[in-house]
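Asker: Sharing a structure here in structure tokens format.
The values are calculated or read from the model by the stated rules, or taken from the named source; none is laboratory data. Just so it is clear, the structure is predicted and the values come from calculations on it, not from any experiment. Ideal geometry is used to build each Cβ from the backbone, glycine not excepted, and the neighbour counts take in all protein chains shown.
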Number of protein chains: 2
Amino acid sequence: MNPTPIDFYFDFISLYGYFASLRIEALAARHGRAVNWHGMLLGVAVMKTMGLKPLLETPLKSDYVIHDCARYARRHGLELGRKLTDPVMDPRPAARAFCWVKRHHAGTEGAFARAVYDRYWRLGRDLADAAEIAAVAETTPALGIDAHALRAGLDSDEARSDLREAVTRSLERGVFGSPFILVDGEPFWGSDRLDLVDEWLERGGW
Amino acid sequence: MNPTPIDFYFDFISLYGYFASLRIEALAARHGRAVNWHGMLLGVAVMKTMGLKPLLETPLKSDYVIHDCARYARRHGLELGRKLTDPVMDPRPAARAFCWVKRHHAGTEGAFARAVYDRYWRLGRDLADAAEIAAVAETTPALGIDAHALRAGLDSDEARSDLREAVTRSLERGVFGSPFILVDGEPFWGSDRLDLVDEWLERGGW
């Protein structure tokens with residue numbers, strides 16, 4: 001194994017992030033790499049820092065993205081329990097839960113993130129609800145996470161502080177989208193760049 | 001040949017459009033398709049219609065795009081005579097010249113567009129200057145375009161009207177970026193989607 005993991009940034013509300021989350025571990029493993037999962041918040045990066053409006057409130061692009069995501073899902077045989085046009089959840093409770101798992105169950109945060117993503121996008125549950133997040137621990141016992149501890153943890157000052165710090169650090173590293181991947185510091189934005197990440201790892205850059 | 005050409009939309013100020021312009025003809029030809037080249041204006045689509053700021057004035061994304069374009073140029077062995085951070089030309093004279101060529105030298109507009117792109121991005125000339133656009137006709141005699149007629153044509157009411165109509169029509173078709181490709185109406189945005197266009201043509205969609 002190459003000791004330097006790939007940095008994978010995501011927001012749970014991002015469907016493109018979900019798409020990439022399904023492939024990043026296998027991609028990294030093909031090159032002997034681990035994945036370091038990092039939460040980020042599109043609301044802070046895109047709206048506050050970049051001064052842009054949400055994708056689905058952007059004329060022309062919104063129609064394209066809806067079409068593009070459906071095409072991607074068909075190509076990869078994915079069933080979605082949620083439409084892009086459904087109300088977007090507040091991603092902060094789930095992002096804080098991820099921070100709590102990363103601190104208190106280090107090593108399982110990637111699997112936890114994938115389970116959360118699955119529950120939100122494939123099953124269509126609203127993870128702004130702390131009970132729904134805690135249910136991830138119950139329905140995925142292999143994670144070894146206590147649901148009550150998770151539910152308390154996601155509301156803790158510690159998790160709030162960890163999330164603020166993670167978001168600040170992501171912006172400092174130039175991360176502005178989901179998914180966003182850093183390979184030894186080299187930035188790749190978007191699920192449509194996974195093949196390029198693959199090539200970069202294969203060739204060792206260029 | 002499949003009688004339906006691929007629609008290829010571009011703005012001369014778009015470096016990603018230039019990148020794609022170098023590959024679209026060969027890609028289409030592999031599938032027995034011709035290419036119908038269409039001018040569009042990012043200033044109208046992105047700034048006026050979508051209400052976004054220019055890419056290079058968008059925090060975080062601007063740094064990424066500069067990095068990404070340099071990486072693409074290295075990967076494809078391209079030399080650029082212009083930096084993304086150089087002042088952007090007024091694209092309208094060149095876009096009107098393209099409209100004039102499309103109307104008066106139908107069939108050569110793709111080659112003309114590639115020659116303009118070459119002069120702007122590889123040679124780094126400012127094509128807001130009508131004399132620089134006319135020089136494209138002189139330095140590319142195979143086009144069979146008279147430089148004086150081109151220079152007069154790009155300032156004509158006819159070309160102005162053609163460009164306005166082309167831009168309006170592009171927006172009606174949902175085109176908001178450069179490059180933007182329609183395959184039998186199926187939309188693909190971005191030079192990083194050329195491989196997907198290739199697959200779409202190969203499989204006949206999905």
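Asker: Among (1) under 30 Å from residue B:203 (Cα atoms); (2) surrounded by fewer than 18 Cβ atoms within 10 Å (Cβ to Cβ); (3) away from every other protein chain (no Cβ under 14 Å), there is one condition residue A:118 misses while meeting the rest; what is its number?
Answerer: Failing condition for residue A:118: (2).
Asker: For residues in the range B:33-68 being more than 9 Å from every other protein chain (Cβ to nearest Cβ) and either touching a Cys at 6+ places or on another chain (Cβ under 9 Å) or assigned to a loop (DSSP other than H, G, I, E, B) (or both), which is surrounded by the most Cβ atoms within 10 Å (Cβ to Cβ)?
Answerer: Once the filter is applied, the top-ranked residue is B:40.
Asker: Looking at residue A:183 and the list (1) within 16 Å of residue A:20 (Cβ to Cβ); (2) within 14 Å of chain B (Cβ to nearest Cβ); (3) touching a residue at least 12 places away in the same chain (Cβ under 8 Å); (4) out of contact with any helix residue (DSSP H, G or I) (no Cβ under 7 Å at 6 or more places or on another chain), which single condition is not satisfied?
Answerer: In the conditions (1) within 16 Å of residue A:20 (Cβ to Cβ); (2) within 14 Å of chain B (Cβ to nearest Cβ); (3) touching a residue at least 12 places away in the same chain (Cβ under 8 Å); (4) out of contact with any helix residue (DSSP H, G or I) (no Cβ under 7 Å at 6 or more places or on another chain), residue A:183 misses (4) alone.
Asker: For the range B:84-172, list the helices (runs of 4 or more DSSP H) that sit wholly inside it and hold at least 2 residues that are at pLDDT 95 or above and farther than 28 Å from residue B:47 by Cα; which are they? So that I can check it myself, show each step before the final result.
Answerer: On the way: elements: B:92-104, B:109-117, B:130-139, B:147-153, B:157-172.
Once the helices (runs of 4 or more DSSP H) in the range B:84-172 are filtered for at least 2 residues that are at pLDDT 95 or above and farther than 28 Å from residue B:47 by Cα, what remains is B:130-139, B:147-153.
Asker: Six or more apart or on different chains, Cβ under 6 Å: which pairs go from a residue in the range A:103-121 that's touching a residue at least 60 places away in the same chain (Cβ under 8 Å) to one that's outside any loop (DSSP other than H, G, I, E, B) and of a type in the set (Gly, Ala, Ser)? Could you list them?
Answerer: Taking only residues 6 or more apart or on different chains, the pairs are A:114/A:21; A:116/A:94; A:117/A:21.
Asker: Under 6 Å between Cβ atoms, which residue pairs at least 6 apart in sequence (or on different chains) link something in the range A:59-86 that is on the phi > 0 side of the Ramachandran plot with a partner that is crowded, with 17+ Cβ neighbours inside 10 Å and not hydroxyl-bearing (Ser, Thr, Tyr)?
Answerer: A:60/B:50; A:60/B:174; A:60/B:176
Asker: Determine whether the range A:70-83 contains at least one residue that is under 18 Å from residue A:190 (Cβ atoms), buried (at least 17 other Cβ atoms within 10 Å of the Cβ) and either more than 14 Å from every other protein chain (Cβ to nearest Cβ) or under 18 Å from the mean Cα position of the chain (by Cα) (or both).
Answerer: Within the range A:70-83, not a single residue is under 18 Å from residue A:190 (Cβ atoms), buried (at least 17 other Cβ atoms within 10 Å of the Cβ) and either more than 14 Å from every other protein chain (Cβ to nearest Cβ) or under 18 Å from the mean Cα position of the chain (by Cα) (or both).
Asker: Of the conditions (1) farther than 22 Å from residue B:4 by Cβ; (2) more than 14 Å from every other protein chain (Cβ to nearest Cβ); (3) under 19 Å from the mean Cα position of the chain (by Cα); (4) surrounded by fewer than 15 Cβ atoms within 10 Å (Cβ to Cβ), residue B:168 clears all except one; give me its number.
Answerer: Failing condition for residue B:168: (2).
Asker: For the subset of the range B:1-33 comprising residues that are of a type in the set (A, V, I, L, M) and closer than 14 Å to residue B:197 by Cα, which member is farthest from the chain's Cα centre (by Cα)? I'd like the intermediate steps shown before the answer.
Answerer: If we filter the range B:1-33 for residues that are of a type in the set (A, V, I, L, M), which is where we start, we get B:1, B:6, B:13, B:15, B:20, B:22, B:24, B:26-29.
With the extra rule that they be closer than 14 Å to residue B:197 by Cα, the set shrinks to B:6, B:20, B:24, B:26-29.
On the way: B:6: 14, B:20: 8, B:24: 11, B:26: 16, B:27: 16, B:28: 16, B:29: 18 Å.
Checking each candidate, the answer is B:29.
Asker: Give the range B:11-61 a look and list any residue that's modelled with pLDDT of 95 or more and among the hydroxyl-bearing types (Ser, Thr, Tyr), or say none.
Answerer: Hits for the range B:11-61 are B:14, B:16, B:18, B:21.
Asker: Continuing with this model, one more query. For a quick check of your reading of the model, give me the residue pairs whose first member lies in the range A:188-206 and is facing chain B (nearest Cβ under 8 Å), whose second is of a type in the set (Asp, Glu), with beta-carbon atoms closer than 6 Å and at least 6 apart or on different chains.
Answerer: Sorted first by the residue in the range A:188-206, then by its partner, the pairs are A:192/B:192.
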